[in-house]
Amino acid sequence: MQCTPDLLPADITGTNIWNPKSGEFRFVPGPVFAHILLADEINRATPRTQSALLEVMEEQQVTIDGVSYPVPSPFFTVATQNPVEYQGTFPLPEAQLDRFALSFTLGYPSETEELEMLSRLGDRPATLEPCISPEEVLALRQMAQNLTVSDATRQYIVRLVRATREDGEIALGASPRGSVALQRTAQSHALLRLALNPDRPADYVLPDDVKYIAPFVLSHRVLPAGRRVARDVVRRIVEGVAVP
């Protein structure tokens, strides 16, 4: 979904269309009814259109004229922002940013990656085959949620989040939703760690999982004071909180 200033909320969620033959309204779903929604340059959409994603990102459903329609499961939203051109863009409000579990700054590819990109320009497969099914994604999600989080690790998560609210270089700290996202993403990171290191089993969340993933979970949830960079401030906080 390419976001532009003239994009309307109904262009995302869908709308009811009058059918003169049947004499009834018919619901026409929007692009949000998919397993993966990519909102390209989301900050080019107006705040009203951006808010059309609030319900579906939290409740996995959209409501049109008082009727709720669930989206396919699993569902998640990926969004990009233009980091250079700010003319004609609309910054995402804090409540919207808080619904994204992770944030990354990709930057430019390395020289090797860029050469690889050029070498693959003419090498396009005739067909694409799925590498994983929705059912397998749901199973992996359940496996991650089943990983144990000890009381000490859970306390560590809370201390990290609360530290963002008490730091002098942060004007607005992370919300409780940040604590929930940090625990869930730490469980997912632990599952990846188990898959990549089968010889070093630890079927529970380690503080190192939390420490590694925290800057990607908390940086977009805080409002730094002055011209400070949020990710740098969060990394300093992470290094300052004692690891259990």
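The values are calculated or read from the model by the stated rules, or taken from the named source; none is laboratory data. Because the structure is predicted, anything quoted here is derived from the model rather than measured. Virtual Cβ from ideal backbone geometry, glycine too; neighbours counted across all protein chains shown.
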Exposed (fewer than 10 other Cβ atoms within 10 Å of the Cβ), in a helix (DSSP H, G or I) and not assigned by TED's automatic domain parsing to the domain that holds Phe216: does that describe Thr112? yes
Residue pairs qualifying under the 9 Å Cβ cut-off, at least six apart or on distinct chains, with the first in region 50-72 being without any contact (Cβ under 8 Å) to a residue 12 or more places away in the chain and the second being surrounded by 14 or more Cβ atoms within 10 Å (Cβ to Cβ) and charged (D, E, K, R), are Gln61/Glu55; Thr63/Glu55; Ser68/Glu55
Among residues of region 199-239 being of a type in the set (Asp, Glu) and not in a loop (DSSP other than H, G, I, E, B), the residue nearest to Gln145 (Cα to Cα) is Asp209
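Conditions tested, residue by residue: (1) aliphatic (A, V, I, L, M); (2) surrounded by 10 or more Cβ atoms within 10 Å (Cβ to Cβ).
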residue	(1), (2)
Arg120	no, no
Ala139	yes, yes
Asn146	no, yes
Ser150	no, yes
Leu160	yes, yes
Gly168	no, no
Filtering region 187-242 down to residues that are among the hydroxyl-bearing types (Ser, Thr, Tyr) and either in the same structural domain as Gln81 (by TED's automatic domain parsing) or in contact (Cβ under 8 Å) with a residue 40 or more places away in the chain (or both) yields Ser188, Tyr204, Ser219
The residue from Gly173, Gly240, Gly178, Gly226 that alone is crowded, with 18+ Cβ neighbours inside 10 Å and over 17 Å from the mean Cα position of the chain (by Cα) is Gly173
Taking first residues from region 118-144 that are within 15 Å of Leu192 (Cβ to Cβ) and second residues anywhere that are small (Gly, Ala, Ser) and assigned to a helix (DSSP H, G or I), the pairs with Cβ under 7 Å that are 6 or more apart or on different chains are Ala144/Ser188
Quick count over region 181-216, residues being surrounded by 15 or more Cβ atoms within 10 Å (Cβ to Cβ) and either touching a Gly at 6+ places or on another chain (Cβ under 7 Å) or of a type in the set (A, V, I, L, M, F, W, C) (or both), is 12
